[in-house]
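A short worksheet on the structure shown next.
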Amino acid sequence: MTGYEWSRDRLPNQPAPHGRRPDAEVPATRIEIEKLADHWENRLDEAGFFFPAEKAPGMKLTLRNLWARMPLTRADAQIFHGMLRQLIRRN
């Protein structure tokens with residue numbers, strides 16, 4: 001099975017296998033990821049997620065590191081912004 005998938009990656013003009021990004025997608029910039037992290041951090045803060053208060057700085061840093069490690073595209077970042085906006089509207 002692994003050899004089959006590896007060989008598919010080597011064939012020209014093949015669509016990207018499920019779960020992989022096509023090469024044409026633009027990666028999110030550092031600024032876009034920072035804005036995404038800010039958006040989520042602010043909303044989580046408003047919701048009381050960062051509790052107890054003395055652990056908040058470490059929790060925020062952990063979340064920012066998580067966002068920074070993800071290989072997000074611009075479209076991914078927009079989806080995450082939209083998801084959060086919709087969750088806020090529903091409450």
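The numbers here are math on the coordinates, done by the rules we state, and not lab data. No experiment lies behind these values; they were computed from the predicted model shown. Note: ideal-geometry Cβ built from the backbone for every residue, glycine included; neighbour counts use all protein chains shown.
Overview of results
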| item | result |
| --- | --- |
| Charge dipole of segment 28-90 about the Cα centre (unit charges at C-beta), most positive-ward option of N42, L63, A75 | A75 |
| Amide H partners (placed H, <5 Å) of T73, local residues excluded | A28 |
| Karplus (6.51, -1.76, 1.60) ³J(HN,Hα), θ = phi - 60°, over segment 37-51, in Hz, Gly and Pro reported as x | 4, 4, 4, 5, 4, 4, 5, 5, 4, 4, 7, x, 5, 7, 9 |
| Calculated FRET efficiency for the pair A47/V26, C-beta based, R₀ 25 Å, to 0.05 | 0.20 |
| Computed magnitude of the charge dipole of segment 28-90 (debye, nearest 20; Cβ of K, R +1, Cβ of D, E -1) | 180 |
| Ellipsoid semi-axes in whole angstrom, largest first, where each is sqrt(5λ) of the Cα gyration tensor of segment 28-90 | 20, 16, 7 |
